[in-house]
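One structure is given here, and the rest of the page talks about it.
The values are calculated or read from the model by the stated rules, or taken from the named source; none is laboratory data. Source: prediction; values computed, not measured. Ideal geometry is used to build each Cβ from the backbone, glycine not excepted, and the neighbour counts take in all protein chains shown.
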Amino acid sequence: MYKETDILKESSVEGNLIINIGPQHPSTHGVLHLVVTLNGETIKKVEPHLGYIHRSIEKMCESLSYRQFIYVTSKMDYLSSHINNHGCAMCVEKGLQIEVPPRAQVIRVLMDELTRLSSHQLWWGAMAMDIGALTPFFHAFREREMITSIFEETCGTRLTMNYMVPGGVMADVNTNFQKSVKDFIIHFKNKINEYDELLTGNIIFQNRTKGVGFISKENAISFGCSGPTARGSGVSCDIRKLYPYEVYNQLDFDEILEPGGDCFARYLVRMKEMKQSISIIEQLIDNIPDGDFQAKTKAVLKLPKGEFYSSVESARGEFGVYIVSEGGTTPYRIKFRSPGFSNLSALDFMSREGKIGDLIAIMGSLDLVIPDIDR
Amino acid sequence: MFLKEYIQDIYGAVKSLLIGMRRTGYYFTNHKEIITQQYPDNKATLNLSERFRGEVVMIHDENNEHACTGCTACELACPNATIKIITQFDISPDGKKKKALNKFVYHLDLCTMCNLCIVACPTDAIKMANTFEHSVFDRSKLTKILNNPDSKIRAGIE
């Protein structure tokens, strides 16, 4: 727990300087406040202070019904809102023991992978911008615009969709959906090579990221890292592979592991994951089975008494939903396991004895979304 | 040996920068792909998708009749208390009392466009409209009454 006296204790060490980074958008990722203890340019300690965008979503969910609480979760990790909604819908389905129709399962997986692509594209642009390259941001948003247009066509909104409902999806896909996705895939397959040309091979970028923010496999596990952050250290933690949900066990894709453990390894994991997502979408887009898009459910959902947990692989790591039900129409308690919170806890470890300029590169490579951390 | 590595490093570095600059140069000379939309100049050609969630509206036909029975399913489905339905009792010609809609109050400033009310409506009386320019000078103007004045329920809808 942070105390005012801590600052006095540390600042009394000779040569130590304490500076506050934030809370106003330290590196365009959200309202995060970092108290950094510096000795010259060397980082001695990084202390993240949270709570600037806390909206008490978990408490709010306790007063909402099982259909209503799903829409709130798209406002947590707004870049992978489909995946958040998916996790919540799956947890409710687990409690009600609803079988999701195959068509809905495939649509859900397609939407998840499109979300992952759009999230990684934004991360790619934002990370490059953190490090000082402005052009990639515009390139990334050019492709991301196509995905948000696809979402707008089918779901009606661009960012907070509320498209996954207990039992399936809210509406059938738009008639243009297959064509738009195929157009996007053809377009993006050319452009992802451009991403590599512009940034991956760039010597300035490599010097800024290679060997920076190292975290070993053991430490990544002990900090509870998940997603690309952990896979960049060689930890196998892809929920899609380990605990397959929906149709992921029938699909042919690889779990990307990079042994490096530094910022560049985490960068490579996400770049390769984008290619895997493209391959998953290509496998599914022509094979959407016919049938219902939503299972028949009761008008008022009541979960049986008990505890339910389900987890999905969001763009940042393991997103878990834990519901305690007392048998009523609203949950007794909801806990979200957000990937950003655990990944942020490793920031102090990663950046110690590094330089102040590396801190921003490390934060970029963690892909932090602050509303996801604060909830 | 050291010198050779040093020169190789420099060669690799310069090459990587040139590869990036080639891409930049391509876009500098081939600016055909213009993706910026010149809003609001393109208002006439602006193409929004049919399902775009702009605001909730009530569907009225040419006889100024709607399909809302005042069942409050949308009010119960809304997570933010955006919708408030005020009902009244109409007396039908055969003397029976019947519940009917008086006012469908819609608080646009609270709405998050989650679409749950549209899904909940049993008679498809409301829908999402494509309008998205909602800025007004006063917040009270965002509270709307969706049913037209003097409108009544379409015959045959229970």
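Scan segment A:357-375 for residues that are of a type in the set (A, V, I, L, M) and outside any helix (DSSP H, G or I) and the total you get is 2. Take B:V56 and tell me if it is touching a residue at least 24 places away in the same chain (Cβ under 8 Å), in contact with a strand residue (DSSP E or B) (Cβ under 7 Å, 6 or more places away or on another chain) and among the β-branched types (V, I, T). Spelling it out, B:V56 is indeed touching a residue at least 24 places away in the same chain (Cβ under 8 Å), in contact with a strand residue (DSSP E or B) (Cβ under 7 Å, 6 or more places away or on another chain) and among the β-branched types (V, I, T).
Could you check, for segment A:194-205, whether at least one of its residues is crowded, with 18+ Cβ neighbours inside 10 Å, away from chain B (no Cβ under 14 Å) and touching a residue at least 12 places away in the same chain (Cβ under 8 Å)? No, segment A:194-205 contains no residue that is crowded, with 18+ Cβ neighbours inside 10 Å, away from chain B (no Cβ under 14 Å) and touching a residue at least 12 places away in the same chain (Cβ under 8 Å).
Within segment A:46-62, is even one residue farther than 20 Å from A:I370 by Cα and either in the same structural domain as A:K305 (by TED's automatic domain parsing) or aromatic (F, W, Y) (or both)? Reasoning before the result, please.
Our first condition is that a residue be farther than 20 Å from A:I370 by Cα; within segment A:46-62, this holds for A:62.
Now narrow it down to the ones that are either in the same structural domain as A:K305 (by TED's automatic domain parsing) or aromatic (F, W, Y) (or both): A:62.
Yes - at least one qualifying residue is present in segment A:46-62.
Considering only residues that are surrounded by 15 or more Cβ atoms within 10 Å (Cβ to Cβ) and assigned to a loop (DSSP other than H, G, I, E, B), look in segment B:43-58 and name the one that is farthest from the other protein chains (Cβ to nearest Cβ). Break it down stepwise before answering.
Filtering segment B:43-58 down to residues surrounded by 15 or more Cβ atoms within 10 Å (Cβ to Cβ) leaves B:49, B:51-58.
This time we only want the ones that are assigned to a loop (DSSP other than H, G, I, E, B), so: B:49, B:51-54.
Numbers: B:S49: 4, B:R51: 4, B:F52: 6, B:R53: 4, B:G54: 9 Å.
Among those residues, the one meeting the criterion is B:G54.
When the criteria are applied in full, A:T148 fails the requirement of being in contact (Cβ under 8 Å) with a residue 40 or more places away in the chain, within 12 Å of chain B (Cβ to nearest Cβ) and closer than 22 Å to A:N84 by Cβ. For segment A:184-197, the count of residues that are charged (D, E, K, R), in the same structural domain as A:Y248 (by TED's automatic domain parsing) and modelled with pLDDT of 90 or more is zero.
Residue count for segment A:325-360 satisfying the condition of being in contact with a Pro (Cβ under 8 Å, 6 or more places away or on another chain) and closer than 30 Å to A:K305 by Cα: 2. Out of everything in segment B:59-91 that is within 14 Å of B:K152 (Cβ to Cβ) and among the polar types (S, T, N, Q), what residue ends up being nearest to the other protein chains (Cβ to nearest Cβ)? Per the stated criteria, the residue is B:T69. For segment B:106-131, filtered to residues that are part of a loop (DSSP other than H, G, I, E, B) and within 11 Å of chain A (Cβ to nearest Cβ), the residue that is farthest from the chain's Cα centre (by Cα) is B:P122. Taking segment A:151-167, which residues are more than 10 Å from every other protein chain (Cβ to nearest Cβ) and out of contact with any Lys or Arg (no Cβ under 8 Å at 6 or more places or on another chain)? If the condition is that a residue be more than 10 Å from every other protein chain (Cβ to nearest Cβ) and out of contact with any Lys or Arg (no Cβ under 8 Å at 6 or more places or on another chain), then A:L159 is the only one that fits.
Within segment A:148-207, the set of residues being touching a Pro at 6+ places or on another chain (Cβ under 7 Å) and not in a helix (DSSP H, G or I) comprises just one member, A:G168.
What about A:I70, is it touching a residue at least 40 places away in the same chain (Cβ under 8 Å), within 14 Å of chain B (Cβ to nearest Cβ) and in contact with a Gly (Cβ under 9 Å, 6 or more places away or on another chain)?
On the way: touching a residue at least 40 places away in the same chain (Cβ under 8 Å): yes; within 14 Å of chain B (Cβ to nearest Cβ): yes; in contact with a Gly (Cβ under 9 Å, 6 or more places away or on another chain): no.
Considered against the rule, which asks whether it is touching a residue at least 40 places away in the same chain (Cβ under 8 Å), within 14 Å of chain B (Cβ to nearest Cβ) and in contact with a Gly (Cβ under 9 Å, 6 or more places away or on another chain), A:I70 comes out as no.
Applying the condition of being more than 12 Å from chain B (Cβ to nearest Cβ) and surrounded by fewer than 18 Cβ atoms within 10 Å (Cβ to Cβ) to segment A:168-184 and asking which residue is nearest to A:I98 (Cα to Cα) yields A:Q178. Being more than 20 Å from A:V165 (Cβ to Cβ), crowded, with 18+ Cβ neighbours inside 10 Å and either assigned by TED's automatic domain parsing to the domain that holds A:F69 or aliphatic (A, V, I, L, M) (or both) is a property that A:E326 lacks.
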